[in-house]
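Scroll down for the structure; my scribbles are underneath it.
Quick note: the coordinates plus some simple rules give every number you see, no bench work behind them. The structure displayed is predicted, hence computed values, not measured ones. Neighbour counts are summed over all protein chains in view; Cβ atoms, including those assigned to glycine, are modelled from backbone coordinates with ideal geometry.
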Amino acid sequence: MRWDANLTAERPTFVTHLECSGSGARYEPDRLHGLSNAGKPLLVRYDLEAAGQVLTRESLAARPADMWRWRELLPVRCHEHIVSLSEAATPLVRLPAIERRLGLAGLVVKDEGQLPTGSFKARGIAVAVSMGKALGVKNVVMPTNGNAGAALAAYAARAGMGARIFCPQDTPEINLREMAMHGARVERIDGLIDDCGALAGEAARQDGWFDLSTLKEPYRIEGKKTMGLELAEQLGWRLPDVIFYPTGGGTGLIGMWKAFAELEAIGLIGPGRPRMVAVQAQGCAPIVEAWRRGEDQAPRWDDASTIAAGIRVPRAIGDFLILRAVRESSGFGIAVADADILAERDRAAREDGMLLCPEGAATLAACVRARAQGLVGPDDRVVLFNCASGLKYPLPAPA
């Protein structure tokens, strides 16, 4: 199915094709795709030379401060197909007290908790559901540790789609209630997210529902990459020295690395890149262990356990893409203990008034450790990603 004839001047895109991230094989755009024939994620490619003629610093400055300002670098061709809950650009919040404590030139948090449904999952789900709507999808299915399912339930409701979501038994209660409130069919599983993923895949095969699992379709990554596009503009087109990113499936880290390459190709930034740091919990650190061993893929992590549910992903289908981005950027992987995650969550709240989610607190704990080990220097400008509102998680009782 193609709908180039319906292209509107208001929402142009410069998509040319999809590309297998493993083999480089080309696939037709504007069709429903899962993984490539090689079993690898598909990446959306654009005519960046043409996009660069339209997407300039001046044109961006005149647009609303939302995710869709980047429409030339997003796959949705028609305005009428966009499914949106007003995905505003998220702020950069400085942490001056912690900055002084660590002796850093600059430390800011990109606070993704201010997006619809309270997490960065809104970005990817908005684009994926929009493309699903454009391509005639009626029902969607996915596994989740919480926030992705909450986002899918909301955007599917907005689009008039059915949603079926598989969750581990210990998924945060607030997320389960969000999903149910939006009318999704929620199934709790005695297992981890990859077990839920297997069930979602089986449901997709048996019932014909479209599988929106992480990186098993090409469009969630396009929404997530807007974090990198936004970050570049917010920092005056000069990227930070280091980015600490909470890494489960790794869609955001992969997406930002893709975004930086696209921005350079269209002339908005130069060749400089931040060191990309994959942050995981010590109880589930397959990417960190693979990075340490110099491997290109990460074997499944047995008995995965951490309070940071969003990064409790025993095996990521995009592991090789995460590791490639970390190595190409001269970055590193780092795993932190749950005790340190909780300690830094509490300190951020008390020292700087910043309520981080556990995954966001993991990036702060990782930064503290990296600074102590000399992996981050005093002149480095550091960005941490807080991927969800801290209010969505259990908090300690008052003393």
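If you take all C-alpha pairs in the range 4-81, what percent of them are over 13 Å apart?
That fraction is 69 percent.
Please list, in order along the range 79-86, the HN-Hα scalar couplings obtained from phi with the Karplus expression 6.51 cos²θ - 1.76 cosθ + 1.60 (θ = phi - 60°), rounded to whole Hz, x for Gly and Pro.
Computed from phi, the couplings for the range 79-86 are 4, 5, 8, 6, 10, 10, 10, 6 Hz.
With the convex hull built on the Cα atoms of the range 121-211, state its orientation-averaged projected area in nm².
Reported value for the Cα convex hull: 5.0 nm².
With 22 Å as the cut-off, how large is the P(r) tail for the range 55-144, expressed as percent of Cα-Cα pairs?
The share of Cα pairs beyond 22 Å in the range 55-144 comes to 45 percent.
Can you tell me which of 55-64, 160-169, 358-367, 253-262 comes out highest on packing, and rank the rest after it, using the mean Cβ neighbours within 10 Å?
Packing order, densest peptide first, comes out as 358-367, 253-262, 160-169, 55-64.
Taking all pairs of distinct Cα atoms, average 1/r, flip it, and tell me the Kirkwood hydrodynamic radius of the chain in Å to one decimal place.
About 21.0 Å, per the Kirkwood formula over Cα pairs.
Using the structure shown, list the pairs from 121/224; 40/121; 121/225; 216/258 with a Cα-Cα distance above 19 Å, or answer none.
Cα-Cα > 19 Å for 40/121; rest within.
Cα centroid distance between the range 332-399 and the range 229-272, in Å?
The range 332-399 and the range 229-272 have Cα centres separated by 21 Å.
By per-residue mean of other Cβ atoms within 10 Å, what is the highest-first order of 296-302, 277-283?
277-283, 296-302
Hey, can you list the DSSP H helices of the chain whose Cα span along the axis is 15 Å or longer and whose average Kyte-Doolittle score is at least -0.5?
Once both thresholds are applied, what remains is 121-134, 147-159, 193-207, 251-265, 358-372.
I need the peptides 143-152, 93-102, 174-183, 191-200 ranked by packing, meaning the mean over residues of other C-beta atoms within 10 angstrom, with the highest value on top.
My ranking of the peptides, most packed first, is 143-152, 191-200, 174-183, 93-102.
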